[in-house]
Amino acid sequence: MAVCRGLSLTSGGLDSQLAIKVLQRAGAEVEAVCFSSPFFDMSGTERAAKTLGVALRVVDFTDDIVSLIKSPAHGFGGAMNPCIDCHALMIRRAGELMERLGYDFVATGEVQGQRPMSQNRQALGVVEKCSGLKGRLVRPLSAKLLEPTVPEIEGKLNRDMLLDISGRGRERQIALAAEFGIADYPSPAGGCKLTEEGFARKLKDLMDHEGLDDRALVELLTRARRFRLPDGTGVVLGRDRRDNAALREFKLSGGCLFPLELLSPVNVPGPTALIPEVKSEGDFALAKELVCAYSRYDRLEGDVALNVGTVPRPYNREKFREWQIC
Ligand code: SF4
């Protein structure tokens, strides 16, 4: 049989690791591909590729996922996750790589029926259609339940060695993991940050106000608390030293589309606040009070001094709850 070469989408999860192993056992040469964005956690992906001994290509997907968030053709899942479109576009991008690099197919670790919304038979068909990869998309874990793909029909990929897993049970995957010696994999429940309710609130707030065109502001979404003050001013408030340092660095680095304002206490420990655009004097006064309310003002006899001047007491953190996004 001629050598068959595939690009396998991987997240570092068990199913994508198993897909690679099943393909290798079926005689295919496999390279892994993954997609990066501020919303995806890549920590397990590189480790998994290393453990499996496959080369990993990392493709920047930020612009793609941002445009899907702005306009998801198949809507969102439970939060701000446009899963069907996201998955289809990842496969399309992998397909473009496949064409460019001369691979035979793209593979995924999808299992028919595993996720009621995004991996039922109809959704698998939609993903294949939207990806533009008809006949070149192999799902090795459920392949025997699906139409044969081009490399199977051409005899380049041995269909007999592919599997027929379906449904939400994990027994067969866990048994296969043991058989292949795969011990390091995350729980299957996780999605990216877009599936998290709190993160989705921050993202929606940014989209509705500053918009998603400033990539640096989008990247900043993974950090800090968010407030939206009454006249529409957004405040990004550091939670810890790392956040505060990142906010200062953000201001220094320039290149943001908005006239940034930075607030921080100078006579007491406390948070740094980044304001993309001050919308009113009233909001600016509130933002200064907010920074004081989250500072260690209990260590002071007098008032908190910020880099923009002193703010008289009292400071009341509770007052800001109604404007807190996350
Ligand atoms: S969970 Fe996130 S990365 Fe995964 S398909 Fe959905 S939107 Fe895309």
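Quick notes on this structure:
- Inverse mean reciprocal Cα-Cα distance (Kirkwood Rh) of the stretch 196-323, Å: 14.8 Å
- Take every Cα pair under 8 Å whose residues are at least 6 apart in sequence, average their separation, divide by the length of the stretch 4-189, and the relative contact order is 27 percent.
- The stretch 190-260, relative contact order [Cα under 8 Å, separation at least 6], %: 21 percent
- For the chain, the longest principal axis of the alpha carbon atoms and the long axis of helix 197-208 meet at an angle near 70°.
- Cβ-Cβ FRET estimate between ARG242 and THR62, R0 fixed at 25 Å, reported to 0.05: 0.70
- Between 0 and 90 degrees, the angle of helix 241-253 with respect to the longest Cα principal axis of the chain falls at about 90 degrees.
- Flagged links, alpha-carbon separation over 20 Å, of LYS129/LYS193; LYS21/LYS144; LYS134/LYS156: LYS129/LYS193
- Structure remark: mean-square fluctuation, Gaussian network model of the chain, C-alpha springs under 10 Å; the largest value among GLU179, GLU197, GLU31 belongs to GLU179.
- With Cα atoms as the point set, the chain shows a radius of gyration and Dmax of 24.3, 82 Å.
- Length-normalised contact order of the stretch 196-323 in % [C-alpha pairs under 8 Å, at least 6 apart]: 21 percent
- Stokes-Einstein translational diffusion, the stretch 111-206 - Kirkwood Rh over all Cα pairs, 1.002 mPa s, 20 °C, in µm²/s: 137 µm²/s
- Phi-derived couplings, Karplus 6.51 cos²θ - 1.76 cosθ + 1.60 at θ = phi - 60°, listed residue by residue for the stretch 80-91: 10, 9, x, 4, 4, 5, 4, 5, 4, 6, 4, 5 Hz, with x used for Gly and Pro.
- Sorted on the mean count of surrounding Cβ atoms within 10 Å across their residues, most packed first, peptides 273-283, 146-156 read 273-283, 146-156.
Values quoted throughout were computed directly from the atomic coordinates according to the rules given, and no laboratory measurement underlies them. Source: prediction; values computed, not measured. Note that we place each Cβ from the backbone using ideal geometry, even for glycine, and neighbour counts take in every protein chain shown.
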